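Asks: Structure below; questions to follow.
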Amino acid sequence: MQIYLDNAATTKVSTTALQAMLPYFEEQYGNPSSLYSFGQQANEALTDARERIARHLHCDPQEITFTSGGSESDNQAILSAARIGERKGKRHIISTAFEHHAVLHTLARLEKAGFEVTLLDVHEDGVIRPEQVAQSIRPDTCLVTVMFANNEIGTIQPISEIGQICREAGVLFHTDAVQAVGHLPVDVQEQKIDLLSLSAHKFHGPKGIGALYARKGVPLTTLIEGGAQERGRRAGTENVPAIMGMAAALDEACETMQATGEKLTALRDRLIEGLSRIPHCVLNGDAHARLPGNVSFCFEGIEGESLLLLLDDKGICASSGSACTSGSLDPSHVLLAIGRPHEIAHGSLRLTLSGETTQQDVDYTISAVAEVVDYLRGISPVWRNLQTGKLQYVTQ
Ligand SMILES: *Cc1c(COP(=O)(O)O)cnc(C)c1O
């Protein structure tokens with residue numbers, strides 16, 4: 001038996017997406033840049049995929065650039081905005097302390113190149129306040145980049161309000177919407193978004209393919225030099241099968257968004273309620289302003305890694321935070337950003353559901369986690385010190 005509860009790390013490719021890809025490996029394998037009709041058929045498929053993706057974001061197909069995924073889109077969006085700012089003498093960027101490393105590390109690189117970066121503090125509920133953005137904008141601010149929904153604690157940010165503030169101030173607004181696209185309604189016009197990153201493998205499409213939306217009039221700097229693909233914004237022969245898989249996955253995710261969202265919200269709340277009965281734990285992030293499939297907890301007196309290994313023995317695939325930080329012993333920067341002390345940030349568990357998750361999966365997971373936490377506390381010196389009063393509990 002296997003229960004896959006790590007859908008924020010990656011998702012299974014849906015049958016629809018896989019079926020949409022197959023013909024472009026076996027039959028329609030032409031190069032879209034070739035002039036003969038066999039190549040042009042692949043080019044028409046690309047045009048069709050671009051139109052469908054644009055429709056879901058409420059933008060023009062010309063505003064979509066295909067990339068290798070969320071990380072590349074984040075890099076290109078931020079470096080492009082920085083280049084635009086630099087030309088006007090504007091070298092200040094606003095972001096938040098709990099962004100994905102694709103954003104944070106790109107910003108760190110820009111800091112070394114002379115940019116100034118303001119990272120907004122995150123409230124304990126995991127939600128940025130629009131006023132924080134408004135108060136940080138300066139005459140030399142060229143970019144605000146705030147994620148749509150957090151990948152570890154699932155909290156959803158006030159994107160429309162931030163978009164409005166940036167538009168009025170004449171500052172570019174980028175959002176890493178990798179966790180949101182296909183899961184939450186996104187409308188780049190209504191939400192006044194200038195740049196948006198998305199990645200197919202987070203909504204049941206294939207890995208290694210994504211897109212960057214850039215509003216008309218926002219020139220992109222290419223990261224990869226070469227041919228004139230993507231109108232000079234991203235060289236390299238297009239990954240036609242993956243692009244077709246991404247378009248099909250997004251069509252399907254958007255068609256079923258409402259129903260899946262309702263189902264997942266009910267399962268998520270059942271899981272949260274069940275895990276909350278374990279003594280001395282805390283839910284990370286607001287209980288309501290969160291992705292329908294995200295559950296994140298910290299348990300006192302245990303190590304997240306041990307928890308994951310024992311859950312794996314019970315057939316449960318879970319995460320203790322970002323896949324990018326696992327393997328290092330530092331606690332998650334996201335949990336530290338919402339003010340969790342080191343000692344409890346270490347005992348974190350993230351469970352992320354998909355449309356295939358059942359109530360039985362949830363109920364089994366609740367009892368498995370309760371059992372494993374109890375076992376680990378039984379052998380934990382930290383837990384003993386908490387119980388004898390040598391250490392103070394952080395949670396109730
Ligand atoms: C997964 C993820 C990324 C990286 O996307 P890739 O396609 O894996 O490069 C970026 N940002 C967020 C919020 C993510 O969840």
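Asks: Would you point out which residue out of G339, G389 is without any contact (Cβ under 8 Å) to a residue 24 or more places away in the chain, open to solvent by less than 70 Å² (accessible area, probe 1.4 Å), farther than 26 Å from Q2 by Cβ and assigned to a loop (DSSP other than H, G, I, E, B)? Break it down stepwise before answering.
Replies: Details: G339 fails: without any contact (Cβ under 8 Å) to a residue 24 or more places away in the chain.
Only one candidate qualifies: G389.
Asks: Restricting to region 24-56, give me the number of residues that are more than 27 Å from Q179 (Cα to Cα), in a helix (DSSP H, G or I), open to solvent by 40 Å² or more (accessible area, probe 1.4 Å) and without any contact (Cβ under 8 Å) to a residue 40 or more places away in the chain.
Replies: The total comes to 7.
Asks: Based on what the data block shows, is T221 in contact with a Lys or Arg (Cβ under 6 Å, 6 or more places away or on another chain), more than 26 Å from G154 (Cα to Cα) and surrounded by fewer than 20 Cβ atoms within 10 Å (Cβ to Cβ)? Outline the logic, then answer.
Replies: Values: in contact with a Lys or Arg (Cβ under 6 Å, 6 or more places away or on another chain): yes; more than 26 Å from G154 (Cα to Cα): yes; surrounded by fewer than 20 Cβ atoms within 10 Å (Cβ to Cβ): yes.
Yes: the conditions hold for T221.
Asks: From the list V117, V144, which residue is outside any loop (DSSP other than H, G, I, E, B), within 25 Å of V186 (Cα to Cα) and over 15 Å from the mean Cα position of the chain (by Cα)?
Replies: Numbers: V117 fails: within 25 Å of V186 (Cα to Cα).
Being outside any loop (DSSP other than H, G, I, E, B), within 25 Å of V186 (Cα to Cα) and over 15 Å from the mean Cα position of the chain (by Cα) holds for just one of V117, V144, which is V144.
Asks: On to the next question. Would you check which residues across region 180-201 are in contact with a Cys (Cβ under 8 Å, 6 or more places away or on another chain) and either within 14 Å of the ligand (Cβ to nearest atom) or open to solvent by less than 30 Å² (accessible area, probe 1.4 Å) (or both) and list them?
Replies: Here is the first cut: in region 180-201, the ones in contact with a Cys (Cβ under 8 Å, 6 or more places away or on another chain) are 182, 188-189, 192, 194.
G182, V188, D194, listed by residue number.
Asks: So, one more: Could you please find all residues in region 247-267 being touching a helix residue (DSSP H, G or I) at 6+ places or on another chain (Cβ under 9 Å) and farther than 21 Å from H201 by Cα? Outline the logic, then answer.
Replies: Taking region 247-267 as the starting set, the residues that turn out to be touching a helix residue (DSSP H, G or I) at 6+ places or on another chain (Cβ under 9 Å) are 247-254, 260, 266-267.
Across region 247-267, the qualifying residues are A266, L267.
Asks: Can you tell me how many residues in region 11-23 are part of a helix (DSSP H, G or I) and either open to solvent by 50 Å² or more (accessible area, probe 1.4 Å) or among the β-branched types (V, I, T) (or both)?
Replies: Initial filter on region 11-23 (part of a helix (DSSP H, G or I)): 15-21, 23.
From what's left, either open to solvent by 50 Å² or more (accessible area, probe 1.4 Å) or among the β-branched types (V, I, T) (or both): 15-16, 18-19.
The number of residues fulfilling the criteria is 4.
Asks: Is it fair to say D140 is of a type in the set (D, E), without any contact (Cβ under 8 Å) to a residue 60 or more places away in the chain and open to solvent by 10 Å² or more (accessible area, probe 1.4 Å)?
Replies: Spelling it out, D140 is indeed of a type in the set (D, E), without any contact (Cβ under 8 Å) to a residue 60 or more places away in the chain and open to solvent by 10 Å² or more (accessible area, probe 1.4 Å).
Asks: Also, quick follow-up: Considering only region 302-336, state which residues are modelled with pLDDT under 90, hydroxyl-bearing (S, T, Y) and open to solvent by 20 Å² or more (accessible area, probe 1.4 Å).
Replies: Narrowing region 302-336 to residues modelled with pLDDT under 90: 320-331.
Subset that is hydroxyl-bearing (S, T, Y): 320, 322, 325-326, 328.
Hits for region 302-336 are S320, T325, S326, S328.
Asks: Check whether at least one residue in region 236-253 is in a loop (DSSP other than H, G, I, E, B), touching a residue at least 40 places away in the same chain (Cβ under 8 Å), among the hydrophobic types (A, V, I, L, M, F, W, C) and touching a Leu at 6+ places or on another chain (Cβ under 8 Å), and report yes or no. If you could, list the steps in order and put the result at the bottom.
Replies: First pass over region 236-253, keeping only residues in a loop (DSSP other than H, G, I, E, B): 236-239.
Applying the additional criterion that residues be touching a residue at least 40 places away in the same chain (Cβ under 8 Å) yields 237-239.
Filter again for among the hydrophobic types (A, V, I, L, M, F, W, C), leaving none.
Among the residues of region 236-253, not one is in a loop (DSSP other than H, G, I, E, B), touching a residue at least 40 places away in the same chain (Cβ under 8 Å), among the hydrophobic types (A, V, I, L, M, F, W, C) and touching a Leu at 6+ places or on another chain (Cβ under 8 Å), which makes the answer no.
The values are calculated or read from the model by the stated rules, or taken from the named source; none is laboratory data. What you see is a predicted model, and the numbers here were worked out from it, not measured in a lab. Virtual Cβ from ideal backbone geometry, glycine too; neighbours counted across all protein chains shown. Note: areas computed on protein heavy atoms with side chains; ligands, DNA, RNA excluded. Shrake-Rupley method; radii C 1.70, N 1.55, O 1.52, S 1.80 Å.
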